[in-house]
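Here is the structure we will look at, set down as structure tokens.
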Amino acid sequence: MAISREKKEELVAQYVSLLSGSQVSIWADYSGLSVSELSDLRSQLRKHGVKMHVAKNTLLRRAIEQVGLPIPEEYLVGPTALVHLGDTIAAPAKIVTDFARAHKQFEIKGGLTSGKILARAQVDGLARLQPREVLLAQVLAGMQAPISGLVNVLAGTFRGLLYALQARAEQLEGATS
């Protein structure tokens, strides 16, 4: 059944908002998967607030042109599923890559981020990222290390001065008694 022009324009607008509103988009070929397998993947992603869309390549090409992103022609071949990652990247990317390993029919084509095309290996790299909280803790620890080192050095200097003054006071007390 043919899609009406209004429906196509609505889909293109939806793809534009999804592409411009997500930090990373993972593209995959889902041919050969059953509806229940796709539903299982969608429910796993939904737990992280991530949605997966099945896209029509010609309409997706129009949306990519409107957003001004590079067109990954090799990604626009065959059935295309798009997973749009917002703030949380590592966990949903891991879900997608694990699903691709478990289901050989689900093949990751690549991805898009910040106007750059990602190869499949780079998408796998996203899955190996630490969660956001761990990365923030590592950055904070890196920022705190020099400060705490400086505090320890200054405290050591004052401590040494206090020990010297205390020793001198004890020496003077011994001389007067």
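Of the residues VAL83, VAL54, VAL96, which is under 17 Å from LEU18 (Cβ atoms) and in a helix (DSSP H, G or I)? Please lay out each step first, then the result.
Details: VAL83 fails: in a helix (DSSP H, G or I); VAL54 fails: in a helix (DSSP H, G or I).
After applying the criteria, what remains is VAL96.
Out of SER17, SER36, one residue alone is modelled with pLDDT of 90 or more, assigned to a helix (DSSP H, G or I) and over 30 Å from VAL134 (Cβ atoms). It is SER36. Taken over the range 66-87, the criterion of being free of Cβ contacts under 8 Å to residues at least 60 places away in the same chain, out of contact with any Lys or Arg (no Cβ under 7 Å at 6 or more places or on another chain) and either closer than 21 Å to SER4 by Cα or of a type outside the set (Asp, Glu) (or both) is satisfied by GLN66, VAL67, GLY68, LEU69, PRO70, PRO72, VAL77, GLY78, PRO79, THR80, ALA81, VAL83. Taking the range 95-138 as the range and being loosely packed, with under 14 Cβ neighbours inside 10 Å and closer than 26 Å to GLY68 by Cα as the test, the residues that pass are SER114, GLY115, LYS116, ALA119, ALA121, GLY125. Right, ALA155: modelled with pLDDT of 75 or more, surrounded by 10 or more Cβ atoms within 10 Å (Cβ to Cβ), under 30 Å from ALA90 (Cβ atoms) and aliphatic (A, V, I, L, M) or not? Judged against the criteria, ALA155 is not a match. Could you go through the range 117-130 and let me know if any residue there is within 30 Å of THR58 (Cβ to Cβ) and of a type in the set (D, E, K, R). Checking the range 117-130: at least one residue is within 30 Å of THR58 (Cβ to Cβ) and of a type in the set (D, E, K, R).
Inside the range 35-51, residues that are surrounded by 11 or more Cβ atoms within 10 Å (Cβ to Cβ) and polar (S, T, N, Q) make up a count of 2. Exactly one residue out of ALA55, ALA63 is in contact (Cβ under 8 Å) with a residue 40 or more places away in the chain, surrounded by 15 or more Cβ atoms within 10 Å (Cβ to Cβ), in contact with a Leu (Cβ under 7 Å, 6 or more places away or on another chain) and under 16 Å from ILE117 (Cβ atoms): that is ALA63.
The values are calculated or read from the model by the stated rules, or taken from the named source; none is laboratory data. It should be emphasised that the depicted structure is a prediction, and the values quoted were computed from it without experimental measurement. No Cβ is skipped: glycine too gets one built from the backbone with ideal geometry, and neighbour counts run over all protein chains shown.
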